[in-house]
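Below you'll find the structure, written out as structure tokens, and then a few comments.
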Amino acid sequence: MVAIAGHNIYTGLGFGSRAVYDRVRAGSSGLALREGTFGVPEPFVASLFDRSAIRERFGDRDGAGTMTPLEMAMVLSAEDAVRMAGIDASSEDTIFVISTTKGNVELLENAPDGGDPRLALWHSARTVASRFGNPNEPVCVSNACTSGICAQIVAKRAIEEEGYTHAVVIGADMLSRFVVSGFQCLKALSGKRCRPFDRERDGLNLSEGVATLVLTSTGTGIGVELEDGCIRNDANHISAPSRTAAGQTAAIRAVMDEGRAAGLAFINLHGTATLYNDSMESVALHQCGLDGVPAVSYKSIFGHTLGAAGVIETVISCLALKERVVFPTPGYRECGVPYPLSLSEDFRPAAGDRFLKIMSGFGGINAATLYRRTGDE
Amino acid sequence: MSRIVSYHSITAEDGNLIALYRSLGINYPKFFKMDRMSKAGFLAAEAVLGQAGLRNEEPKDDVSIVLVNSTASTVDDIEFQKTIGDQEYFPSPSLFVYTLPNVVCGEIAIRNRILGETSFYVQERFDAAFLVRAVRWAFADRSIGKVLCGWTECLAGDRVCRMMLVERDGSGGTGFTEETINEIFKR
């Protein structure tokens, strides 16, 4: 069994899973209209870090002079999760798996020829892992918006196939002129707080975030295991989901069976609030016979934190599973997808011991992970 | 043990990727819209899958793609950054979509209807041992029988692409090991 032993979320909303969970439980969201941020011409809605607060929290730890705010936030997040798990992160039995889409891409502004070594994703991964004295080369997963759950799948396989005892999975992405401009030119962003699955939805909100999950093969951790995971391509389009939802359907079917479906407390959707993503997810769940299961998207709470999203959302879902609640999906009022899903703007009680998490992204990629409550801490 | 079914390299010495495309007699107009890394990966995959008799549009739900490089999409990132200057601001969607390295996996999957897993990793340098590990992870998915794997780098002057098709179980042929991978790509 691969259990979750430690976790941390670090966003503009706060530091620490419990702190962030309690704030969103109380209705907070860091999403706000940003005008002139990063010097992009159009305003956008996002939850952002205070970079000086990251530096302050990092203090005079080693590397303070050369590390970027993204890397500092990764170290801080991982330190907290490792402490909670009580593992030895410097051991050769521990592997680091990093999920990020754009890393330190903002450094291109001052190094337009790409000459800053910190632009390399492997460099950030190594910088972070070496802060813990870990002797293994970290694994750096770059699977677009699914990276955060793909990294968990890779970590589980490294534990099961290669005999590592623990894996430290860190998801991290920051916003920049680069990332915001790119999504704006794709016309993917909403000018308001996003509304997943709603009729009025008109795009996503980008955000910043960092999160860590420590997975272990020893013990039951916090009482939630990563039971299964699957990645599938729909071979349809590099930047649009398949209308038939074939890839997402295949990924879900690979991790579900009748018994597991009967025990589902909820489904944690990708739910970016773009027209095509949300429609595709509804088709996939309908095809799997899961459209009646309580479902939630956290994108109208946290925004889309790209490489961090899969890790942040997994942590929130684990805490919700333990507390036996399904989170609300703020902004969802009227169904706007082909097959209605069970979404709500209110908290609901959760019955069942499992949750399914799904994500999809550019490159035609889809992923699904399944988690099970195994007991109490 | 896993064995190597077929392999191919595309190097800087192969010259212009469009000329190479033409010389191979391929008819796939989407090729011209691809970024450099996707073009190289696409051509290497054409060769590798062609040798294995899998270069076609039959759905392949038991084939996965695992690719690795060092610079992710930095070459495209540099180009995109040029389009978002203060004076000249004209970000292009067709450029932005290639600023994710795993898109090359998607291009190959679309062309050949590969419906298994696609995974992209970033490592400092080509490392046969890592490729063996990453393919082992892909085979942890029990429904996958073959993995198209390799290294796709597109910096000028570098050997751009080393790709091979690996079969989960098999006898004969070349075993998929660190030693055989290094031997093959040294040639």
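Worth pointing out:
- For the stretch B:146-166, filtering for residues that are of a type in the set (G, A, S) and surrounded by fewer than 18 Cβ atoms within 10 Å (Cβ to Cβ) leaves 2.
- Selection count where residues are surrounded by 17 or more Cβ atoms within 10 Å (Cβ to Cβ), at pLDDT 95 or above and not aliphatic (A, V, I, L, M), scope the stretch A:26-58: 6
- Pairs linking a residue in the stretch A:283-302 that is free of Cβ contacts under 8 Å to residues at least 40 places away in the same chain to a residue that is basic (K, R), with Cβ atoms under 7 Å and 6 or more positions apart or on different chains, are A:C288/A:R253.
- Residue match in the stretch B:144-163 (condition: within 25 Å of A:R253 (Cβ to Cβ), assigned to a helix (DSSP H, G or I) and aliphatic (A, V, I, L, M)): no
- Residues that are outside any strand (DSSP E or B) and within 19 Å of A:D202 (Cβ to Cβ), drawn from the stretch A:322-349: A:T329, A:P330, A:G331, A:Y332, A:R333, A:E334, A:G336, A:V337, A:P338, A:L341, A:L343, A:E345
- Considered as a group, the residues in the stretch B:41-68 that are out of contact with any Asp or Glu (no Cβ under 9 Å at 6 or more places or on another chain) and polar (S, T, N, Q) include one that is farthest from the other protein chains (Cβ to nearest Cβ), and that residue is B:Q51.
- Scanning the stretch A:98-146 for residues that are aliphatic (A, V, I, L, M), more than 10 Å from every other protein chain (Cβ to nearest Cβ) and part of a strand (DSSP E or B) turns up nothing.
- From the list B:D141, B:D127, the lone residue that is among the acidic types (D, E) and farther than 24 Å from A:F362 by Cα is B:D127.
- Scanning the stretch B:167-186 for residues that are exposed (fewer than 12 other Cβ atoms within 10 Å of the Cβ) and in a loop (DSSP other than H, G, I, E, B) returns B:D169, B:S171, B:G172.
- Of the listed requirements (1) away from chain B (no Cβ under 14 Å); (2) among the polar types (S, T, N, Q); (3) in a loop (DSSP other than H, G, I, E, B), A:T212 misses just one: (3).
- Selected residue (criterion: nearest to the other protein chains (Cβ to nearest Cβ)) from residues of the stretch A:166-203 that are assigned to a helix (DSSP H, G or I) and aromatic (F, W, Y): A:F178
- Of the listed requirements (1) under 17 Å from A:R232 (Cα atoms); (2) within 7 Å of chain A (Cβ to nearest Cβ), B:T71 misses just one: (1).
- A:G36 being within 14 Å of another protein chain (Cβ to nearest Cβ) and over 30 Å from A:N366 (Cβ atoms): yes
- Test result for A:P117, more than 16 Å from A:S207 (Cβ to Cβ) and of a type outside the set (G, A, S): yes
- The lone exception for B:T118 - which of (1) within 28 Å of B:D77 (Cα to Cα); (2) more than 11 Å from the chain's Cα centre (by Cα) it fails: (2)
- Residue count for the stretch B:138-186 satisfying the condition of being without any contact (Cβ under 8 Å) to a residue 24 or more places away in the chain and closer than 30 Å to B:T74 by Cβ: 3.
- Hits in the stretch A:134-176 - residues which are of a type outside the set (K, R), over 16 Å from the mean Cα position of the chain (by Cα) and closer than 20 Å to B:I65 by Cβ: A:V139, A:A158, A:E161
- Residues in the stretch B:75-98 that are out of contact with any Ser or Thr (no Cβ under 9 Å at 6 or more places or on another chain) and either facing chain A (nearest Cβ under 9 Å) or farther than 30 Å from B:N112 by Cα (or both): B:V75, B:I78, B:Q81, B:K82, B:G85, B:D86, B:Q87, B:E88.
- Any hit, the stretch A:50-57, residues being within 14 Å of another protein chain (Cβ to nearest Cβ) and outside any helix (DSSP H, G or I): no
- Filter result for A:G361 (within 14 Å of chain B (Cβ to nearest Cβ) and either surrounded by 24 or more Cβ atoms within 10 Å (Cβ to Cβ) or of a type in the set (F, W, Y) (or both)): yes
- Filter result (in contact (Cβ under 8 Å) with a residue 60 or more places away in the chain and either assigned to a helix (DSSP H, G or I) or buried (at least 21 other Cβ atoms within 10 Å of the Cβ) (or both)) within the stretch B:20-33: B:K30, B:K33
- Filter result (surrounded by fewer than 24 Cβ atoms within 10 Å (Cβ to Cβ) and either more than 11 Å from chain B (Cβ to nearest Cβ) or outside any helix (DSSP H, G or I) (or both)) within the stretch A:147-165: A:G163, A:Y164, A:T165
- If you go through the stretch B:110-122 and keep only what is within 7 Å of another protein chain (Cβ to nearest Cβ) and out of contact with any Ser or Thr (no Cβ under 6 Å at 6 or more places or on another chain), you end up with B:I110, B:R113, B:I114, B:L115, B:T118, B:S119, B:Y121.
- Taken across the stretch A:252-270, residues that are in contact with a His (Cβ under 8 Å, 6 or more places away or on another chain) and touching a residue at least 24 places away in the same chain (Cβ under 8 Å) do not occur at all.
- Selected residue [touching a residue at least 12 places away in the same chain (Cβ under 8 Å) and either in contact with a strand residue (DSSP E or B) (Cβ under 9 Å, 6 or more places away or on another chain) or among the polar types (S, T, N, Q) (or both)] from A:E200, A:E160, A:E227: A:E227
The values are calculated or read from the model by the stated rules, or taken from the named source; none is laboratory data. Treat the numbers as computed from the prediction; the structure is a model and nothing was measured. When we count neighbours, we look across all protein chains shown, and the Cβ atoms used for this are built from the backbone with ideal geometry, even at glycine.
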